[in-house]
1. So if I place +1 on the C-beta of Lys and Arg and -1 on the C-beta of Asp and Glu, and nothing else carries charge, what would the dipole magnitude of the stretch 177-294 be about its Cα centre? I want it in debye, nearest 20.
2. For a distance above 25 Å, tell me the whole-number percent of Cα pairs in the chain that qualify.
3. Counting Lys and Arg as +1 and Asp and Glu as -1, each charge on the Cβ, what is the dipole of the stretch 10-168 about the Cα centre in debye, to the nearest 20?
4. If you keep only loop residues by DSSP, which GluC sites (Glu not before Pro) in the stretch 224-296 have at most 16 other Cβ atoms within 10 Å of their Cβ?
5. Among Y178, G34, L133, whose Cα lies farthest out toward the positive end of the dipole of the chain, if unit charges sit on the beta carbon of Lys, Arg (+1) and Asp, Glu (-1)?
6. Please give the Cα centre distance for the stretch 264-296 versus the stretch 125-152, rounded to the nearest Å.
7. Could you work out the helix-only [θ] at 222 nm for the chain, with each DSSP H run of four or more residues adding -39,500 (n - 2.57) and the total divided by the number of residues, to the nearest 500 deg cm²/dmol?
8. Please report the Cα spread of the stretch 177-294 along all three principal axes, rounded to whole Å, starting with the longest.
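No value in this document is a laboratory result; all are computed from the given coordinates. No experiment lies behind these values; they were computed from the predicted model shown. Cβ sites come from the backbone with ideal geometry, for glycine too, and all protein chains shown count toward neighbours.
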Amino acid sequence: MADPNAGAEPTAVAETVLDTVAAVAPDVRAGLPGRRRYLDGENPSGEAVLAADVYADDLLESAIGDVAGVGSYASEERETTVDVGDGPVSVAVDPLDGSSNLKSNNPMGTVVAVYDAPLPASGRDLVAAGFVLYGPVTTMVAGVGAPGDAAIREFLVTDDGEREPLGDVDLPAEPTVYGFGGRVPDWPDDFAAYVDEIEDELKLRYGGAMIADVSQVLSYGGVFAYPALESAPDGKLRLLFEGNPVAYLVEGAGGQSSTGDGSILDREATGLHQRVPVYVGNGDLVERLEAALADS
Ligand code: P6P
């Protein structure tokens with residue numbers, strides 16, 4: 001029997017993946033109230049797992065696994081990839097980024113990265129990336145195409161799981177906000193010196209969910225970082241389903257990304273859960289940060 005995924009054009013598959021994530025989003029959101037409890041055990045990154053994390057992951061794996069052209073599914077919650085078909089496209093997901101915000105009822109999101117390559121894959125192999133933000137309104141920010149070629153757009157996600165275009169996302173030229181993860185005592189001296197330099201120029205906005213904090217940078221201009229830490233030289237965020245997709249989106253919106261030493265998209269992928277320092281935002285702010293880190 002002919003492979004139904006044969007000849008599946010990666011960007012067409014990617015569009016369908018984004019539609020599928022939007023279609024599932026109302027169910028993810030509706031399932032949050034009853035799933036604020038922690039489960040026994042840890043995720044592959046050694047972090048506590050909420051019932052909502054597993055619920056969202058199961059919904060997304062089932063829905064994305066049915067998309068023709070998708071060959072494998074990976075997520076923050078799963079040690080290894082799941083073979084879901086014979087297609088050329090791999091999908092890496094953070095099902096509920098910032099789920100610890102459930103306790104405080106602050107925003108969180110679903111992050112999706114679509115690669116035209118087996119996992120683990122480089123950010124240069126992305127053919128699409130996006131996030132759903134469960135805020136006062138459910139929205140999606142996404143792009144389809146090679147890194148740098150894709151227009152980054154915002155969509156309203158309706159109660160029926162449809163994507164209604166709201167317009168292009170362009171990083172404001174004048175930055176106004178910053179938000180940095182980790183604890184001040186754990187920041188290396190060079191990063192702390194950078195913070196001292198910019199904290200009088202920008203307003204502190206940090207909400208503890210990467211996607212919500214990146215959304216503020218995309219909306220108001222500025223810089224988000226989960227930096228390399230003294231205790232964790234590769235930082236906290238994962239390359240495949242956090243660093244790469246936000247780098248794709250912020251660079252596509254007119255900003256820059258960095259690991260501290262060049263674009264996140266150029267970081268070699270060696271594992272599904274490898275961590276990477278994440279610095280994204282307006283180019284001047286990212287370049288000043290790279291200079292500060294290089295001075296150390
Ligand atoms: P901290 C959420 O758990 C997450 O992975 C990112 O969404 C967020 O940026 C970071 O961790 C928050 O970490 O140490 O500030 O709680």
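1. Numbers: 8 positive and 19 negative charges, 115 e Å.
With Lys and Arg at +1 and Asp and Glu at -1, about 560 debye.
2. Numbers: 18719 of 43660 pairs.
Above the 25 Å cut-off, the chain has 43 percent of its Cα pairs.
3. Numbers: 9 positive and 27 negative charges, 92 e Å.
That gives a dipole near 440 debye.
4. Numbers: sites: E230, E242, E251, E268, E287, E290; in loops: E230, E268.
Here the sparse-neighbourhood loop sites are E230, E268.
5. Highest projection toward the positive end goes to G34.
6. Answer, in whole Å: 20.
7. Details: 6 runs with 78 residues, N = 296.
Value at 222 nm, helices only: -8500 deg cm²/dmol.
8. 38, 31, 25
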